[in-house]
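Read the structure below first, then the notes.
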Amino acid sequence: MKRLLMTLLLAAQLPTGAFAAVPARVEITYAVFLGSMKIGEGRDVFQHDGRTYRVVSESKTAGLAAALYRLNVRRESQGRVTRAGLRPETFSEERNGKPKRSAAFDWERKLATLVDGNESQTVALPDNSWDSTSFGYNFAFVPPEASGLAAHLTDGRRIREYRYALLGREKIDTELGALETLHVKKVQGPQDKRAFEVWLAVEQYHMPVRIRYTDRDGKVFDSVVTRIVFPEK
């Protein structure tokens, strides 16, 4: 009963335009912080035609961080748009222009081929699987529910199951002003030191406007939106 009431409350609070057709192209830029210090910049371009999608995510060190350590990361995911959301077919990651990891999804055979450097393996592919780049954009097509979400994610190394909880609505401060968001957070087990959170903009098709990752050493990386560009109508 409690979950049902929360679902109804959230649904009532969402604007009617929140579930409108997702724009064919969205460009989002981020400032990346380590604690309070800006260390990088990110740029995502998401495109779809209602049948297929492509998202390219690029990030690089900036400022003093770039002087100390140059790092350019490019991730790309391509696949299909289905009634259940995004269904990836390929994923790849490059670092400083060199291939790092990749994944190929064979949905008919329920198998995924993962490549990490010189190592390759074929593993079982559960239905609710995404690569780490497409996952955040899936919420634009299937908004989070109060009951949470179980998802299998891969970055080319392995596929692991995670649970995510919807913490509710939050207003966050950005360079675009205050944004009304839905806050989604990974549910951590007793031995899990890695945290992941994403804030989805209610008025911007549930696009990810803030992403926070905490590594196993406790370092917090925070990516906050600085610009969103939709197609001109």
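Descriptive notes on the structure:
- Percent accessible area from carbon and sulfur atoms, the chain, protein chains only, probe 1.4 Å: 50
- Using 0.36 nm per residue and subtracting the Cα-Cα separation, the extra length available between Ala165 and Ala66 on full extension is 32.2 nm.
- Ordering 124-130, 221-227 by mean Cβ neighbour count within 10 Å, with the highest value first, yields 221-227, 124-130.
- Here the stretch 61-159 is treated as an ellipsoid with the same Cα gyration tensor; its semi-axes, largest first and in whole Å, are 26, 19, 11.
- In plain terms, if you count all Cα to Cα distances in the chain and split them into 5 Å steps from zero, the share in each step is 1, 6, 13, 17, 20, 19, 13, 7, 2, 1, 0 percent.
- Residues of the stretch 156-178 with amide N under 19 Å of a point placed 7 Å along Cα→Cβ from Asn118: 157
- Taken over the C-alpha atoms, the stretch 19-80 has Rg and Dmax values of 14.6, 44 angstrom.
- Normalised per residue, the volume of the convex hull around the Cα set of the stretch 52-110 (Å³): 92
- Subtracting the Cα-Cα distance of Arg51 and Glu203 from their residue separation scaled by 0.36 nm leaves 52.4 nm.
- Residue with peak Gaussian network fluctuation, the chain [Cα springs, cutoff 10 Å], from Glu119, Glu170, Glu76: Glu119
- Fully extended contour minus Cα-Cα distance, from Arg212 to Thr82, at 0.36 nm per residue: 44.0 nm
- With a threshold of 27 Å on the Cα-Cα distance, the over-threshold entries among Lys38/Lys186; Lys110/Lys193; Lys60/Lys186; Lys100/Lys186 are Lys110/Lys193.
The values are calculated or read from the model by the stated rules, or taken from the named source; none is laboratory data. Computed from a prediction, not measured in an experiment: that's the story for all the values here. Cβ: placed from backbone, ideal geometry, glycine included. Neighbour counts: every protein chain shown. For accessibility, only protein heavy atoms count, side chains too; no ligands or nucleic acids. Shrake-Rupley method; radii C 1.70, N 1.55, O 1.52, S 1.80 Å.
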